[in-house]
Structures are given as C-alpha cells and as structure tokens.
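*Asks:* Got a structure for you, written out below as structure tokens; questions coming shortly.
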Amino acid sequence: MKQKTFYITTPIYYASGNLHIGHAYTTTICDTIAGYKKMRGYDVYYLTGTDEHGEKVQKKAAAAGLTPQAFVDDLVVNIKNLWQVLRIQNNDFIRTTEARHQATVSAIFSQLLAQGDIYKGEYEGWYCTPCEAFWTESQLHEGHLCPDCGRPVYRATEETYFFRMSKYADQLIRYYNDHPGFIEPESRKNEMMNNFLLPGLEDLSVSRTSFDWGIPVQEDPKHVVYVWIDALSNYISALGYKNDSSNLFDRFWHNDDDHEILHVVGKEIVRFHVIYWPIMLLALGLPLPTKIFAHGWIVMKDGKMSKSVGNVVYPEMLIARYGLDALRYFVTTCIPFGQDGLFTPELFLENVNTDLVNNYGNLVSRTAAMIQKYTQGVVPTYAGVKTPFDADLEAAMLQAKVQYEHAMDAFHIDQGARAAFELLSKANKYIDDTQPWALAKDPNQTAALQSVLTHLALVIKAGTILLSPFLIDAPQRVYASYGITDTHYDHAFDWHGMDGAIVTKAAALFPRLDLTLESEYIRRQMGGQ
Ligand code: MSP
C-alpha cells in the first residue's frame, strides 16, 4: 500500500527579535503532531522557518546599526538554536531571504501579473506599520487604531500593484462551504465570512515602494513584493515550487484521501491564511491545504506577553531548570485546543507535579520497585484476566487508545495527552485497589500478584508510547529501564508485549517541584529578562 503523506507547517516567524514561549508553543504542537503522524506510518514533512523582509525588520536593523541581512542572520542563529534545544524534528527551515524562496516568489508574481490577476494602481488607506497591513476605515477600531494590534494607524497613499482578490471571492466562499473542517475552530470561519468575505472582498495591495527590504518586482523594480505574499509563498517555495527539480512539491502538495496539508497558525494571522493564501493558490491553479488550524495564545495574567510589561517567558529558562519534557508537556497538554491558555508559574508547576511527577513518574517508579521485589525484576508472562480489576484496566487501555487516536487524528493534542494521563492515573488507582503488597503475603495469590505486575508493565509501555510524540527524555528512560525494545505503535497494546521484560530501577523520572520556591524562581527570571 502506498504511504499516505502529511505536510505540516508553522508560521514563519519574524526575524525581528528572540522568540518566546508563544512561538515555542506553535512549533512544539507541530512537532508533536508530526511525531504522531510518523508513528502512525505517514510520510511526514515538517517545515518551519523565518519571515525576514519588511519595513519593521529594516527599521530594527538600522536601529541596531546593522544591514538587514546581517541583522536577520544573527537572529536566525538563535532561532535555529532554540529549535535544537526543543528537539524539534523539522525537515527543513525556510528563510525568505534565500535565493530558492525569492525565485519562487518572483515566478508567482510574474505569473499572476501576466494572467491579469495582479494590476498596477494607486492605494490610499490606513496603514499599520508593526502589522504591515493596510486597513479600510470601517475595519479600524475607534480612535483610528489597528484592529489587530490596537496601535495607531496612519493615512498613506502609494503606487502599488493590486491582487484581484474580488475575482476569487465567490469561489472561496464555495470552497469553505464544500469543505467543512477547512478552518478550525469553526468560529474562526464564521468570523472571516462575516468580517471580510460577505461584506465584499477588496483587492489587496501586494507591492510597496516606501522601503526596499524585500523581493523586488522584476517587472518594476522600485516595488518590492508585499511581505505577506512573500511570506505565504514559503509553504511551497520550500517544496521547490518553480525553483528546483526536487520532487517534494509533487510528493506533498496534494489534498486528497492520500495527502494531507496542515497549516498551524496563531489566531491573529488566520485572515492571511484562509483568505489571501487560498486565493493565491486558486489563481495559481494549485490545490488548497486540507486544513488551517488556528490556535489561541498563551497569555499572562496581565494580558499578552510583552517586553515592556516585563512578563515575557522564554522557554530556555524553563528548560534549563525543569527539563525539556516539562516545557513540552506544558505547552502541548495544558492549553486547550483553539483557545487561549494562561501561563502562570503556579499553573506550570502544579501541572507538572500532577501529571508528570505524581502520576506518570510515580507509576513508573512504584511499578519498577514492585517488579524487583516480587518477581526478581522480570515481568511475568501475561496470563489473561485474573480479577475484575484486571478486566477494568484492560478496558481502560482499549478505551484510552480509541480516545487518543480520535483526539490526535483531529489534532486536538491536549486531549490526546489527557487520554494517556487518564490511563496512567487509572493504573495508579489499580495499584491502590489491588494492593500487591497484600497479595505478596498470601501464597494463594501468586497468580493475581503476577497479573497485577504484568498489567502495570503493559500500561506503562502503552502510556509511554502514547506520550512519545510529546516528550523526549522520559520515554527513552522508561524504555531503557523497562527493557522495552519494540516501541512500534502497532504493538503498543499487545497483551504479550511485556512478557519476560527485564526491569531495572532508575532514578525518578521527574523530581517533585516545590511550589513556593519555584514560583518565586520563575517570577524572578521573568522580571529579570
Ligand atoms: N511572520 C508572520 C507569519 C507569516 S506565516 C506565512 C508572523 N510572525 S510572528 O513572529 O509574529 O509569529 C506569529 C506566530 O507565533 C503566531 O501566529 C503564533 O503561532 C506564534 N505566537 C506568537 N506569540 C504567541 C503567543 N503568545 N501564544 C501563542 N502563539 C504565539 O506573524
């Protein structure tokens, strides 16, 4: 059977400052989804990268006394380094200043110009510099403020090329209606329909003459290509569209039963991904992505993270003190899909203690200790169900598998992790219910005791495999100390999968965190940055 393909992308992040936990959130979600799909046998391609052009970058570089290229080169080193620290398994990293990307953007612009979808005109509107977006009067917030970032906008006129968005509006609306699930959550789709599509889509200004840090329009080089047209093209330039002879584009850019394309984006850039990008693709005669998945923000008690408020959380600090798994666990598991999620030091620490320390870590160490003590470190051979508790636990395992797959297949990864943690928690309760230490004292209960140990080992194996797209270090340690060599997903629930495995004792998976001490520590670090 032909392997199904899965192409997943993050937004390309602005190379204008160091990235924080919000960016790490998106990139880790995508890494987890990519890991899950790989585990399920898909041919996966995972792309991330950086958005390096535009007025903002040009200004920041000037302020730092650097050329824009030198400025972005420095930042990209930090960004790539951060993804290494987070052990992100991206297949490629696209930079919009790369020649391959520029070639694609130029080719796209030229084609659209040649076919009359792009035409020259004059633009007058309200411009927001930080967002690099023009707004119409009716879109502005009261006091002439940008509807996206809330900052003041200014009146601007310039000669510009326009993209005939209006020509494709009806086709796009039809596409939305024919493809439920194209935009998730559904509420975002309604927002887009009501705010942009139904009132009538205006043609989009797609070139600038007011600055020059961008890809020049070949046919009229005083213009540079508008940063969003430049940026959105990354999703296909990285696959070699119109810039090389690799077969990546051909392999991954399809949308049918055997090929999925998923763009994961923050809610503030949905508009660009569900209106401008699909229209570009329609104009180019290319398939549209399978799904645009808009997630919420990580927010602080005092609102969005910002350097001036002094509430920015950098992932490096949390990883250095609590380990990579704690960070990856928090961002993937503790923020509900599609909604904003609060970060406070207490929430972070309490969650780590509840799920990783008291639940997962505790189950692993309790079970290892019992297997050592009662069966000389060897997992007894599975002998079917011995007690009603065994039957319940087996049912819980099968239920966890169904819930996990259902949630993960829908990319609701927080719920996928929840299914795994609930299973582990049931296994902890199973220990309390079956009381292996009491069974060990009764020679007539040997079979029941052995069955408990086997079932616990089976849950640990299955739970660890389910969590393996989320966590990096803990699964490896559990596999090593439980003698698990076959970690294939299709064998995660084999009843004989742990027969005779040799269990060695290992150091605690996760140290318990002192809430008072550690919340003070995190606060100090946040203030100090
Ligand atoms: N360069 C554009 C995207 C172009 S994609 C063709 C951009 N860059 S950005 O650096 O501002 O990154 C925005 C993305 O970073 C968000 O869409 C989101 O995925 C992530 N996040 C940034 N801050 C975040 C939070 N506080 N919380 C969650 N995600 C956050 O926009």
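*Asks:* Please note which helices (runs of 4 or more DSSP H) are completely contained in the stretch 173-279 and include at least 1 residues that are more than 15 Å from the ligand (Cβ to nearest atom) and more than 18 Å from residue 104 (Cα to Cα).
*Replies:* 186-192
*Asks:* With respect to residue 330, determine if the residue is closer than 15 Å to residue 23 by Cβ, touching a helix residue (DSSP H, G or I) at 6+ places or on another chain (Cβ under 7 Å) and within 14 Å of the ligand (Cβ to nearest atom).
*Replies:* It is true that residue 330 is closer than 15 Å to residue 23 by Cβ, touching a helix residue (DSSP H, G or I) at 6+ places or on another chain (Cβ under 7 Å) and within 14 Å of the ligand (Cβ to nearest atom).
*Asks:* Is it the case that some residue within the stretch 373-390 is touching a Leu at 6+ places or on another chain (Cβ under 8 Å), modelled with pLDDT of 95 or more and either loosely packed, with under 14 Cβ neighbours inside 10 Å or among the small types (Gly, Ala, Ser) (or both)?
*Replies:* Within the stretch 373-390, not a single residue is touching a Leu at 6+ places or on another chain (Cβ under 8 Å), modelled with pLDDT of 95 or more and either loosely packed, with under 14 Cβ neighbours inside 10 Å or among the small types (Gly, Ala, Ser) (or both).
*Asks:* Pairs, please: C-beta under 7 Å, at least 6 apart or cross-chain, first residue in a loop (DSSP other than H, G, I, E, B) and in the stretch 405-421, second surrounded by 19 or more Cβ atoms within 10 Å (Cβ to Cβ)?
*Replies:* Short answer, once both residue conditions are applied: 411/33; 411/293; 412/337.
*Asks:* Between a residue in the stretch 303-330 that is β-branched (Val, Ile, Thr) and any residue that is part of a loop (DSSP other than H, G, I, E, B) and buried (at least 18 other Cβ atoms within 10 Å of the Cβ), which pairs come within a Cβ distance under 8 Å, given they are 6 or more apart or on different chains?
*Replies:* Qualifying pairs under 8 Å: 312/20; 312/305; 313/20; 313/305; 313/343; 319/86.
*Asks:* Sort out which residues of the stretch 316-346 are over 26 Å from residue 477 (Cα atoms) and surrounded by fewer than 22 Cβ atoms within 10 Å (Cβ to Cβ), and write them in order of number.
*Replies:* Listed by number, the residues that qualify are 336, 337, 338, 339, 340, 341, 342, 344, 345, 346.
*Asks:* Here is a follow-up. In the stretch 298-308, what count of residues is obtained for those that are within 7 Å of the ligand (Cβ to nearest atom), surrounded by fewer than 18 Cβ atoms within 10 Å (Cβ to Cβ) and not β-branched (Val, Ile, Thr)?
*Replies:* 1
*Asks:* OK, next. Can you name the condition, by its number, that residue 488 falls short on among (1) in contact (Cβ under 8 Å) with a residue 40 or more places away in the chain; (2) under 25 Å from the mean Cα position of the chain (by Cα)?
*Replies:* Condition (1) is where residue 488 drops out.
*Asks:* Residues of the stretch 482-529 being outside any loop (DSSP other than H, G, I, E, B) and under 19 Å from residue 379 (Cα atoms), which ones?
*Replies:* Once the filter is applied, which keeps residues that are outside any loop (DSSP other than H, G, I, E, B) and under 19 Å from residue 379 (Cα atoms), the stretch 482-529 yields 491, 502.
*Asks:* Mind listing whichever residues of the stretch 333-376 are of a type in the set (Asp, Glu) and away from the ligand (no atom under 16 Å from the Cβ)?
*Replies:* Across the stretch 333-376, the qualifying residues are 346, 350, 355.
*Asks:* Which of the residues spanning the stretch 242-297 are surrounded by fewer than 19 Cβ atoms within 10 Å (Cβ to Cβ), among the acidic types (Asp, Glu) and either in contact (Cβ under 8 Å) with a residue 24 or more places away in the chain or closer than 27 Å to residue 187 by Cα (or both)?
*Replies:* Those that are surrounded by fewer than 19 Cβ atoms within 10 Å (Cβ to Cβ), among the acidic types (Asp, Glu) and either in contact (Cβ under 8 Å) with a residue 24 or more places away in the chain or closer than 27 Å to residue 187 by Cα (or both): 244, 256, 257, 258, 268.
*Asks:* Taking only the stretch 280-297 into account, find how many residues are assigned to a loop (DSSP other than H, G, I, E, B) and within 9 Å of the ligand (Cβ to nearest atom).
*Replies:* 2
*Asks:* Another question, if that's okay. Scan the stretch 32-45 for residues that are buried (at least 23 other Cβ atoms within 10 Å of the Cβ) and either within 13 Å of the ligand (Cβ to nearest atom) or part of a strand (DSSP E or B) (or both) and jot them down.
*Replies:* Answer for the stretch 32-45, where residues must be buried (at least 23 other Cβ atoms within 10 Å of the Cβ) and either within 13 Å of the ligand (Cβ to nearest atom) or part of a strand (DSSP E or B) (or both): just 44.
*Asks:* Just the residues that are closer than 20 Å to residue 263 by Cβ and either within 8 Å of the ligand (Cβ to nearest atom) or without any contact (Cβ under 8 Å) to a residue 24 or more places away in the chain (or both), please, taken from the stretch 8-23.
*Replies:* Hits for the stretch 8-23 are 10, 11, 12, 13, 14, 19, 22, 23.
*Asks:* Output the residues belonging to the stretch 347-361 that are surrounded by fewer than 19 Cβ atoms within 10 Å (Cβ to Cβ) and of a type outside the set (Val, Ile, Thr).
*Replies:* 347, 350, 351, 358
*Asks:* Which of the residues belonging to the stretch 312-339 are part of a loop (DSSP other than H, G, I, E, B) and either over 12 Å from residue 351 (Cα atoms) or over 15 Å from the mean Cα position of the chain (by Cα) (or both)?
*Replies:* Selection gives 312, 313, 314, 323, 336, 337, 338, 339.
*Asks:* Here is a follow-up. List the number of the failed condition for residue 114; all other conditions in (1) within 26 Å of residue 222 (Cβ to Cβ); (2) touching a residue at least 12 places away in the same chain (Cβ under 8 Å) hold.
*Replies:* Going through the list (1) within 26 Å of residue 222 (Cβ to Cβ); (2) touching a residue at least 12 places away in the same chain (Cβ under 8 Å), residue 114 breaks only (2).
*Asks:* Further, regarding this structure: Does residue 313 satisfy the criteria of being under 30 Å from residue 463 (Cβ atoms), at pLDDT 95 or above and surrounded by 16 or more Cβ atoms within 10 Å (Cβ to Cβ)?
*Replies:* Judged against the criteria, residue 313 is not a match.
The values are calculated or read from the model by the stated rules, or taken from the named source; none is laboratory data. Because the structure is predicted, anything quoted here is derived from the model rather than measured. Cβ atoms come from the backbone with ideal geometry, glycine included; neighbour counts cover every protein chain shown.
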